[in-house]
1. Residue under question is Lys51, and the condition is that it be within 19 Å of Gln329 (Cα to Cα), at pLDDT 95 or above and of a type outside the set (A, V, I, L, M); does it hold?
2. If Glu358 passes every condition in (1) within 16 Å of the chain's Cα centre (by Cα); (2) more than 25 Å from Gln62 (Cα to Cα); (3) modelled with pLDDT under 95; (4) of a type in the set (D, E, K, R) but one, which one does it miss?
3. Of the conditions (1) within 30 Å of Met336 (Cα to Cα); (2) surrounded by fewer than 21 Cβ atoms within 10 Å (Cβ to Cβ), Arg407 fails just one. Which one is it?
4. Which pairs do you get when a residue that is on the phi < 0 side of the Ramachandran plot, found in the stretch 157-186, comes within reach of a residue that is among the polar types (S, T, N, Q) and part of a loop (DSSP other than H, G, I, E, B), reach meaning Cβ atoms under 8 angstrom, with the pair 6+ apart or on two chains?
5. So which helices (runs of 4 or more DSSP H) stay within the stretch 213-303 end to end and still have 2 or more residues that are under 22 Å from Phe150 (Cα atoms)?
6. Condition first: more than 23 Å from Thr185 (Cα to Cα) and surrounded by fewer than 20 Cβ atoms within 10 Å (Cβ to Cβ). Now tell me which residues in the stretch 272-291 satisfy that.
7. Checking the condition out of contact with any Cys (no Cβ under 6 Å at 6 or more places or on another chain), aliphatic (A, V, I, L, M) and more than 22 Å from Arg379 (Cβ to Cβ), which residue from Leu192, Leu166 passes?
8. Exactly one condition in (1) of a type outside the set (A, V, I, L, M, F, W, C); (2) surrounded by fewer than 22 Cβ atoms within 10 Å (Cβ to Cβ); (3) touching a helix residue (DSSP H, G or I) at 6+ places or on another chain (Cβ under 8 Å) is false for Lys365; which is it?
Amino acid sequence: MLTGCGSAASAAASAADASGTITLFNSDPTISDELGALAKAYEKERGVQIKVINCPTSADSQAILKQYYRSGNLPDIISCDASALDSWGSLLTDLSGQSWCSDTDYAYTSSKYGTIGFPYCIEGIGIAYNAEILKKLNIDPSFVKDTETFTSVLFVAYSLRDSLKLTSVVACCASPAYLSSARGTQLFGAYLDSGQERSNTALLDKLSTDEPLEHDRAFDYAFYLSLIQHFSDKELLLSGTYEDQLSGFAKGDYAFITQGSWAGRDILKKFADAYSSSGNFDIGYLPFTFQSGLDTLLVDAPLWWAVTKGGSVEESQRFLSWCSGESAQKLLVEDMGFISPFRSCKYKSSNPFAPSVEQFSARGKTSGWHWMALSPGMRTNAVAPVLNDYAQGKLGIEEFLTNLSKRIRAY
């Protein structure tokens with residue numbers, strides 16, 4: 001059963017829990033159809049109805065959750081990103097004793113509140129590549145280990161772009177509209193996390209100091225970013241959309257794309273014909289190798305499901321346990337294209353970006369998404385404008401670093 005979010009009064013009313021029903025607030029409307037199918041499967045198997053409340057794309061999910069809370073109708077399960085979970089921590093159930101906790105590295109754990117987030121999927125972020133194009137270039141992805149080797153690959157691809165029928169080498173989007181979206185500043189995560197241990201928050205913590213950036217690392221990151229921009233389709237870079245980026249990559253117009261693995265599911269949904277016409281080419285990931293030794297992919301749960309204390313706690317916990325089990329994993333992974341966060345999952349995702357993410361995860365070569373711990377306001381109002389100015393060529397490297405530091409300090 002699915003509902004939408006309207007005014008505060010109607011939203012609160014729709015969250016009211018009927019007997020034998022769990023309410024689940026979904027803050028990601030792009031997966032509303034998938035959650036509807038998951039809810040139907042659970043009801044059919046367990047006889048318990050899941051009422052999925054989908055938040056519209058244009059709405060502030062946290063504001064709506066606060067409306068639910070003030071009306072005394074907080075849903076049984078809520079979805080939040082890293083910047084919001086701790087703020088709800090005192091109202092959330094510690095899930096530390098659940099059996100699925102030992103089967104994943106991607107649960108959200110708070111030092112104060114315990115394990116409060118269930119990862120229904122994971123996503124990877126890096127430089128994705130068209131494996132067929134790299135084969136034609138006679139390039140082994142493992143050759144790329146630092147900025148120098150990445151630069152050489154970009155130059156080779158650029159020199160052969162006409163014979164390969166490429167629009168440009170890289171599909172990167174840094175338009176104001178895209179950078180203002182929820183995941184638009186994902187490239188900043190490369191600076192914060194590439195090559196770092198998953199629990200390492202040193203660079204994140206430094207953002208709140210008088211010198212928010214580690215200069216040498218930030219300089220190398222900025223130079224690497226300038227390379228990506230130089231070899232990108234300028235129209236796409238400065239005024240393109242997420243859909244433009246995916247459409248071009250699916251058609252084989254670009255060798256590389258700066259996107260997370262969620263793009264694979266969207267390609268299969270929206271651009272399946274173009275992708276099929278291009279031969280359903282394999283897709284892999286390169287880490288952000290702006291310094292030597294940075295060999296990790298950025299992998300984490302984009303959102304977590306959390307169980308609120310005042311509702312149907314035991315049934316909600318049973319639902320989450322079911323989601324980690326075989327029948328739900330088949331549905332989520334094999335049928336819907338999510339990438340499983342659970343080591344015991346035996347199903348293969350239909351998402352063409354998934355194999356590379358799974359390989360990095362299996363080798364333990366992953367770093368976290370600490371950029372998501374930044375407030376949405378900082379991502380949108382501090383980081384995004386400077387990234388856009390840099391993409392437009394308004395700033396040199398040192399100006400970019402100075403302006404970024406200034407914006408972060410002031411925010």
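1. Details: within 19 Å of Gln329 (Cα to Cα): no; at pLDDT 95 or above: yes; of a type outside the set (A, V, I, L, M): yes.
Judged against the criteria, Lys51 is not a match.
2. Only one criterion is unmet by Glu358, namely (3).
3. So Arg407 meets the others, but not (1).
4. Note: pairs meeting the criteria are Arg161/Ser168; Cys173/Thr241; Ser175/Thr241; Ala177/Thr241; Tyr178/Thr241; Leu179/Thr185.
5. 215-230, 234-239, 242-250
6. Start the filter on the stretch 272-291 by keeping residues that are more than 23 Å from Thr185 (Cα to Cα), which leaves 272-282.
Ala272, Asp273, Ala274, Ser276, Ser277, Ser278, Gly279, Asn280, Phe281, Asp282, listed by residue number.
7. Leu166
8. (3)
The values are calculated or read from the model by the stated rules, or taken from the named source; none is laboratory data. Computed from a prediction, not measured in an experiment: that's the story for all the values here. Methodologically, a virtual Cβ is constructed for each residue, glycine included, from the backbone with ideal geometry; neighbour enumeration extends over all protein chains shown.
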